[in-house]
Amino acid sequence: MTMAAVLATKAATSAIGGLVRWVKEQLSPEAQAVLDAAIEAPEDEARVGELGRELERAEQADPEFGRELRERYDRANVEIHADGGSVVNQISGNVSGKVVQARDIQGNISF
């Protein structure tokens, strides 16, 4: 799920709600309207797509905004999953070899 889709569909949760408020403060009035439209109809792929494009434009205009947005998004996403008792596994960068992402493993794991 894209960041735009998450913002549009999960705006009501407290962690994402704080992120949405912060994003809205950073955007132009026109982009704020796009964000509001995506939140009103998160199933509307066109609206969510337009939000994604607005976020990309904002990031291109201000790379620091993009860095901060990703950092805040990652923190909010972890909070959401932690509150639900699930596990968040993230792998990034150049990764090679075998990886296991799991929760509550009982027994051995072998490759």
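Of everything in the range 59-71, what is acidic (Asp, Glu), within 16 Å of Thr2 (Cα to Cα) and surrounded by 15 or more Cβ atoms within 10 Å (Cβ to Cβ)? Give them in sequence order.
Taking the range 59-71 as the starting set, the residues that turn out to be acidic (Asp, Glu) are 59, 62, 64, 68, 71.
After this cut, where a residue has to be within 16 Å of Thr2 (Cα to Cα) as well, the list is 59, 71.
Scanning the range 59-71 gives a single hit, Glu59.
Here's a check for you: in the range 45-58, which residue that is buried (at least 17 other Cβ atoms within 10 Å of the Cβ) and not acidic (Asp, Glu) is farthest from Tyr73 (Cα to Cα)?
By that ranking, first place goes to Arg47.
Would you confirm whether any residue within the range 53-74 is modelled with pLDDT of 90 or more and either among the aromatic types (Phe, Trp, Tyr) or under 30 Å from Phe111 (Cβ atoms) (or both)?
yes
Working carefully through the options Arg57, Arg70, Arg53, Arg47, find the one that is basic (Lys, Arg) and within 16 Å of Leu19 (Cα to Cα).
Values: Arg57 fails: within 16 Å of Leu19 (Cα to Cα); Arg53 fails: within 16 Å of Leu19 (Cα to Cα); Arg47 fails: within 16 Å of Leu19 (Cα to Cα).
None of the others qualify; the one that does is Arg70.
Are any residues in the range 22-44 exposed (fewer than 15 other Cβ atoms within 10 Å of the Cβ), modelled with pLDDT under 90 and not in a loop (DSSP other than H, G, I, E, B), and if so, which ones?
Glu40
For the range 12-21, name all the residues that are surrounded by fewer than 14 Cβ atoms within 10 Å (Cβ to Cβ) and of a type in the set (A, V, I, L, M, F, W, C).
Within the range 12-21, just Ala12 meets the criteria.
The values are calculated or read from the model by the stated rules, or taken from the named source; none is laboratory data. Here the structure is a predicted model, which means the values were calculated and not measured. Note: ideal-geometry Cβ built from the backbone for every residue, glycine included; neighbour counts use all protein chains shown.
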